[in-house]
Amino acid sequence: MSTMLASIMKKICANNGAMLYDDLLSDFRSGLWDGWYNSDFVDRVLEENESLVTVWMNGQKMVVAKTGVKLCRAKDCNGCMNLHLCKFFLFGDCQYGRGRRGCRFSHNLQTEQNAKVLRKHGLNQLDRSELCILLLQSDNSILPPVCHSYNNGTGMYGRCEDGESCKRMHICEKYLRGPCQCSRAHDFYEPHPLKILQDRGVPTELMASMKTTYSNIENLRITAKAKAPQNGGKVQENNGKRGARNNNWQKRPSVDASATGSGVSRGRREKTEICMYFIKGHCRNGDNCFKEHSKVPYKWEVRDGLNWAALPDNEGIEKDYCNPAKTYSSGVCFDTMTRGCDMVRRLSTVSSVIQPNYILTTSWAWYWEDEYSNWIQYASADGGHNSASISSEELEQKFNQDEKAELEFTAGSQTYTLSFQDMIQTNKRYGTKKIVRRRPVFVSAADAEISRTTKSAPSSQMKSLPSHWNKSQTPEIGYKKIPLQTDANEYCAIERLFKTTMHGFKIIRIERIQNRGLWEVFQWQKDQMKKNNSGKNVAEKQLFHGTDSKHIEAICYNNFDWRICGTHGTAYGKGSYFAKDAKYSHNYTGDSTTRSMFVCRVLVGDYTVGHSSYTRPPSKDGGDTIFYHSCVNNVQNPSIFVVFEKHQIYPEYLITYSDVQSQPSSSYYTTPSYPSTVNRRVVPPTTSTYRPNPVPVTPAYQPQPSVPVTPRYQPQTSTSSYSSSYSYARSSTPQPPKQDNSCVIC
């Protein structure tokens, strides 16, 4: 029985953690004695083992695997029955294991502790990837849970009060159970689900299996709930406390003064924020709401004994307060938040960076005072000053994360630090200090009424821009390059990807390309490819593309077009070429000491080996309707991708970098051989492994250096959360270099 159980468990885990019951029977019947093996025996195995759960999904009987084994989370464990294993090793790769110090967690399934746990639970036959699948759907500490509040109520975030900042998955639960046509998220690559998964360290290689994994988790949850005994009429007590998920009243109040409300009678909660539901039109909690009800997104109040009283000129005070040059209005001092001897406070709606898609949230602007007492908004070039590299929205995001933080930014050639605690900006070179003020953007009562009564944009449009983009810096037409801060997670991720193969180079800056038009077209193309793929996600990669600086503006504005940007290599077809490794793309960045390289999102979809005659990907079935999405140099291990439709590409980042030295140290990195010109000779191998249609024979080739004594560069399989690719000319026999730059990739 135990042997049968172990075999079934291994079979299911190798099939993404679940199998159709009939498929399971068929697979095992073919290898056992018909007289001894039957469905009754399998049913008995399933019934007697809690690790195999029978569920019904879309009218089909399925078997889902689960286990009570978990990853040990104790820092100093003195002995337990869980696995002492690195989570990132389990995912497939641990970057800490490649470092000099190594990873402090085990990367070995066969340690004494791990082997004992696996044997006890009958899991010792599973390899790393199979164990990963099993633990992903069994150990709830590894993956973020689905947000149930998001799946209830109406609107962009349902009843989830945390909105975009929610740490749970905003994905449709009904979609996880089967087909669904609702407006909630049905794509794990949407900005919020993707970010939450990446924050948990889920690599790109596992993204394609997330739908299956979360569907298995949901089916296990529903089955466990159905089998759980009722509480026998008992009511679970909560002592009057709200769950932590909805406990927003404990968060930092949206007030501009430290008003503790010590005079408020015990048992009544201080109202320190304006209710987003009431300002929109209706709050079902009425007078019992924990938040203040107001028709405008602000309310000025003065302390009156034990209570707070509304100030008469609410809109006039707000208008003056929104002007950073003013410090007084109607007797109210904004610096001390007092009127005479009485305390004053300002209630407001939540910041727009926390809830970017709600109406009448508070937009905050950040200003600094120049030597002429003019107040300059960050990221603007008012008063003849250089534009700061950080915007008001980015400052507001960082301020909401940590009100005591100190950050660094640049303006022109100068570098500055900004202290949130002191609200002071300091020039790092000269030490000069400037006052900083944070003030809201003014909204009149008439403006609020218009926002309330105007029909909001469809949710699909609201979701079209990534959540981490600076919305105020995204033009309706054209593009904006947003410099990334060197300490930002976004910057570090691209830097790691670049430096995987680019040793001995210095990154000058990394800029995010914000082009609304190109992004919306890219998302539209992604949806079309998904629909044509029976609703399944298509493969999307983040790839490199080196180019001459003269083509940067055209690419940022109009996307890639090989007919305009230059003559591409034609080894795998006439299209735009992308590389998995930055080192490939480096050879197409020109001869300048300062070079440019794009990191692009590319919908590679289904691909096949390319050919120089292709002007589009070949047909899958020999007909004229179903085609591959892109071409590659090698189907099993592609490092070069060719895309023929520019809508499948979005130029996401631009890296500007330079040579630190002419040659990297040989003890640190072995320089691959590349010809001095963009033309190169390629000697294909003598065997043929692939036969595309209509070309009779396509050799699987490997690029070969033109100088025999120089070591060859062999691209390694990418271990980062992103990937990339590029093009080389090839011929059936070695040819001397040509002079027509036929391999230029821009």
| request: Could you line up Ser329, Ser413 from fewest to most neighbouring Cβ atoms inside 10 Å? | output: Ser413, Ser329
| said: Going by amide H atoms built from the backbone, whose H comes under 5 Å of the H on Met343, apart from near neighbours? | reply: Arg303
| query | Principal axis lengths of the range 392-504 from Cα atoms, whole Å, largest first? | reply | 55, 41, 27
| task | Kindly put His551, His545, His148 in sequence by how many other C-beta atoms sit within 10 Å of each C-beta, fewest to most. | result | His148, His551, His545
| field | Dipole of the range 280-414, positive end: most advanced residue of Ser392, Trp375, Leu311 [Cβ charges, Cα centre] | value | Leu311
| request: May I ask you to sort Phe290, Phe334 by Cβ crowding, counting other Cβ atoms within 10 Å and putting the fewest first? | output: Phe290, Phe334
| field | Whole-Hz couplings from phi, Karplus 6.51/-1.76/1.60, listed for the range 334-343; x for Gly and Pro | value | 6, 5, 9, 6, 9, 10, x, 9, 9, 6
| Tally Lys and Arg at +1 and Asp and Glu at -1 over the other residues with C-beta under 9 Å from the C-beta of Asn470: what net charge comes out? | +1
| message | Using the Karplus curve 6.51 cos²θ - 1.76 cosθ + 1.60 with θ = phi - 60°, what ³J(HN,Hα) values do you get for each residue of the range 422-430, in whole Hz, with x for Gly and Pro? | response | 9, 6, 10, 9, 10, 6, 5, 7, 9
| remark: With the convex hull built on the alpha-carbon atoms of the range 147-199, volume per residue in Å³ sits at 71
| remark: The whole-number value in µm²/s of the Stokes-Einstein translational diffusion coefficient for the range 303-400, with Rh from the Kirkwood sum over alpha carbon pairs at 20 °C and 1.002 mPa s, is 138
| Which of Ser138, Thr154, Met169, positive extreme of dipole for the range 121-186 (C-beta unit charges) | Thr154
| note | Stokes-Einstein D for the range 474-659 (25 °C, 0.890 mPa s, Kirkwood Rh from Cα pairs), in µm²/s, comes to 144
| request: Evaluate the charge dipole of the range 147-199 about its Cα centre and quote only its size in Debye, nearest 20, assuming +1 on the Cβ of each Lys and Arg and -1 on the Cβ of each Asp and Glu. | output: 200
| About the Cα centre, charge dipole magnitude for the range 474-659 (Lys/Arg +1, Asp/Glu -1 at Cβ), debye | 120
| remark: For Thr547, other-chain or 5+-apart residues with amide H closer than 5 Å (H placed, Pro excluded) are Ser596, Phe598
| Under a point-charge model restricted to the Cβ atoms of Lys and Arg (+1) and Asp and Glu (-1), what is the dipole moment magnitude of the range 62-218 relative to its Cα centre, in debye to the nearest 20? | 500
| Interchain or long-range residues, amide H under 5 Å from Ile390's placed H | Ala379, Thr410
| query | ³J(HN,Hα) across the range 439-446 via Karplus (A = 6.51, B = -1.76, C = 1.60, θ = phi - 60°), whole Hz, x for Gly/Pro? | reply | 10, x, 7, 5, 10, 7, 4, 5
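None of the figures in this text is laboratory data; all of them are computed from the coordinates on show. Not measured: the values here are computed from a predicted model. Note that each Cβ is placed from the backbone with ideal geometry, even for glycine, and that neighbours are counted across all protein chains shown.
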